[in-house]
Amino acid sequence: MTSITFVVPVANEDTFRKCLLSSRTFQAASDHELIVQRGRRSAADAFNDGLDRARNDLVVCLHEDVMLPPSWPQRVLSEIEKLEAKHGMIGVVGCAGVTRDGKTAAHIYRHEREFHSPLPLPAVVETLDEMLICFRRSSNLRFDDNLPSFFGYAVDMCMQANARSLQNFAVDVPCFHQAKSREGRLPKGFFVNWNYLCEKWKPYLPIHTLTGTLHHKRSFVLDNFKEFVKERLGCVSEPWWWNLPTIDPDRVLREIDESHVGSAPRD
């Protein structure tokens, strides 16, 4: 089986250990490569260094709070190979994205809930969620070193691919994303990168993303004031995934594993 290089920036060692590192892909003897980045100044810095060091052509850039089900590497390789056989060179691939007309295309597990969009997968998307993206080093795509923080790098990579007429895809290779939901206010770094992307990709606006549509710059101060007012009024909404169908993660993992026994080599 073709090997994959995984690159992950780590800020919380406990989360990394309980989530990504607990994935069987990194527990069993495997030819897959895991590059762990600590203390990097930005996501672009972490991922570009990983690209330079990667020994494999296919690179997966993901968060520390992602868990990969058994046989996930085989599944994503199979999906990518089918897309390449049909479309030639492609851009960026992920588990969740948004189309150019604003429709969500995704299949993911969020804690003990499942989100599977009505849009059939694989689907051509404008941008992808940055919890997990993958692409080939041979595509010569690289992260923008001028992105000042850890937000928006997947949107930028997808837009780079779009500008080169490479299609991006959301594919049916679900992972578990165990991230905590943000409490109200977004960090300042989000707005810094949002405004950077609005300026960089101005001719392409509006750009659809899973965190909103980029169509103009946003104010960190104004957004914080709005959230402060909401908090004072008691308008605190539940996490977006709260009403999704409940699943049994252990059962899902067993079913995924069993469905791929004999279909591909174990990782």
Expected output for the stretch 228-250 (first residue farther than 30 Å from LEU68 by Cβ and modelled with pLDDT of 75 or more, partner surrounded by fewer than 13 Cβ atoms within 10 Å (Cβ to Cβ) and not hydrophobic (A, V, I, L, M, F, W, C), Cβ below 8 Å, 6+ apart or cross-chain) is none
Checked the stretch 93-105 for anything within 13 Å of ASN168 (Cα to Cα), outside any loop (DSSP other than H, G, I, E, B) and not aliphatic (A, V, I, L, M); matches are GLY94, GLY97
Among (1) within 30 Å of LEU21 (Cα to Cα); (2) touching a helix residue (DSSP H, G or I) at 6+ places or on another chain (Cβ under 6 Å); (3) modelled with pLDDT under 95, VAL171 falls short only on (3)
Considering residues that are surrounded by fewer than 16 Cβ atoms within 10 Å (Cβ to Cβ) and of a type in the set (Gly, Ala, Ser), the number found within the stretch 93-149 is 2
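Residue-by-condition table, conditions (1) modelled with pLDDT under 95; (2) within 22 Å of ASN243 (Cβ to Cβ):
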{"site": "MET89", "(1), (2)": "no, no"}
{"site": "VAL92", "(1), (2)": "no, no"}
{"site": "CYS95", "(1), (2)": "no, yes"}
{"site": "THR99", "(1), (2)": "no, no"}
{"site": "THR104", "(1), (2)": "no, yes"}
{"site": "GLU112", "(1), (2)": "yes, yes"}
{"site": "LEU119", "(1), (2)": "no, yes"}
{"site": "VAL124", "(1), (2)": "no, no"}
{"site": "THR127", "(1), (2)": "no, no"}
- Examine the stretch 143-153 for a residue that is within 22 Å of VAL76 (Cβ to Cβ), assigned to a loop (DSSP other than H, G, I, E, B), modelled with pLDDT of 95 or more and not β-branched (Val, Ile, Thr), and state whether such a residue exists. yes
Can you find a residue in the stretch 155-173 that is touching a strand residue (DSSP E or B) at 6+ places or on another chain (Cβ under 9 Å) and within 16 Å of ASP65 (Cβ to Cβ)? no
Per the list (1) β-branched (Val, Ile, Thr); (2) in a helix (DSSP H, G or I); (3) within 25 Å of ALA11 (Cα to Cα), residue check on ILE108 breaks on (2)
Exception for ASP156 within (1) surrounded by fewer than 18 Cβ atoms within 10 Å (Cβ to Cβ); (2) in contact with an Asp or Glu (Cβ under 7 Å, 6 or more places away or on another chain); (3) part of a helix (DSSP H, G or I) falls at (1)
Residue check, ALA106 over 10 Å from the mean Cα position of the chain (by Cα) and under 30 Å from ARG55 (Cα atoms)
yes
Taking the stretch 171-212 and keeping residues part of a loop (DSSP other than H, G, I, E, B) and of a type in the set (Phe, Trp, Tyr) leaves TRP201
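Mind telling me which of the residues ARG218, ARG185 ends up being surrounded by 14 or more Cβ atoms within 10 Å (Cβ to Cβ), touching a Cys at 6+ places or on another chain (Cβ under 9 Å) and modelled with pLDDT under 95?
After applying the criteria, what remains is ARG218.
The values are calculated or read from the model by the stated rules, or taken from the named source; none is laboratory data. Bear in mind that the values here come from a model prediction, so they are computed numbers and not experimental data. Neighbour counts are summed over all protein chains in view; Cβ atoms, including those assigned to glycine, are modelled from backbone coordinates with ideal geometry.
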